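Student: Quick one: the structure is below, questions incoming.
The values are calculated or read from the model by the stated rules, or taken from the named source; none is laboratory data. Because the structure is predicted, anything quoted here is derived from the model rather than measured. Here the Cβ is made from the backbone with ideal geometry for all residues, glycine too, and neighbour counts use every protein chain on show. We work out accessible area using only protein heavy atoms, side chains counted, and drop any ligands, DNA or RNA first. Shrake-Rupley method; radii C 1.70, N 1.55, O 1.52, S 1.80 Å.
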Amino acid sequence: MEKTKTVRVLMVKFNLETKQFETEVIELENDLAYNLADYRKIIDCNMIDIVTLSEDVCIIIDDEGLLVSGNPVLEIKTEHGHKLQLAGTLIFAGNEQTDEGDELTSLETGKCLELLSNLKIRVIGVTN
């Protein structure tokens, strides 16, 4: 597969002041080391974790999000009906399985729209 020059990801966060979800499609350079720094900056964290949402989509989160005071705690239903509880800003990226393991990839525009339309996400609390 040919590498693209950019990686498209979808950022979703809940604004506690306005009580509204905010979303943004973000284009990043297709360079893993550069992206890791970007992910940490977007999420405002030191360490990230990657959670599988489906075969082709993963969520990048703050590894310590539940320990950060004032983070919204979100519940997301997967396509198989499982519930994930994650805290803070979420970054949705493509997930491709390779011989070396899972690889973060770009989300096509249609996949971003599909996620925004079908994502079952709700706020279930706020961290202390």
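Student: Do we have ALA93 as in contact with a Leu (Cβ under 6 Å, 6 or more places away or on another chain), open to solvent by less than 70 Å² (accessible area, probe 1.4 Å), in contact (Cβ under 8 Å) with a residue 40 or more places away in the chain and more than 13 Å from VAL9 (Cα to Cα) here?
Tutor: So ALA93 does not fit the description; no.
Student: Ok, one more. Any idea how many residues of segment 39-82 are in contact (Cβ under 8 Å) with a residue 24 or more places away in the chain and of a type in the set (Asp, Glu)?
Tutor: 6
Student: Let me ask something additional. Given (1) at pLDDT 95 or above; (2) open to solvent by 90 Å² or more (accessible area, probe 1.4 Å), where does ILE61 come up short, assuming only one miss?
Tutor: Only one criterion is unmet by ILE61, namely (2).
Each row is one residue, and each column tells you yes or no for (1) touching a helix residue (DSSP H, G or I) at 6+ places or on another chain (Cβ under 6 Å); (2) part of a strand (DSSP E or B); (3) under 21 Å from GLY110 (Cβ atoms).
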site: GLU55; (1), (2), (3): no, no, yes
site: CYS58; (1), (2), (3): no, yes, yes
site: ILE61; (1), (2), (3): no, yes, no
site: LEU66; (1), (2), (3): no, no, no
site: SER69; (1), (2), (3): no, no, no
site: LEU74; (1), (2), (3): no, yes, no
site: LEU84; (1), (2), (3): no, yes, no
site: GLY94; (1), (2), (3): no, yes, yes
site: GLN97; (1), (2), (3): no, yes, yes
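Student: When the residues of segment 109-128 are filtered to those that are part of a strand (DSSP E or B) and under 20 Å from LEU16 (Cβ atoms), which remaining residue is most open to solvent (accessible area, probe 1.4 Å)?
Tutor: For segment 109-128, the residue satisfying everything is ARG122.
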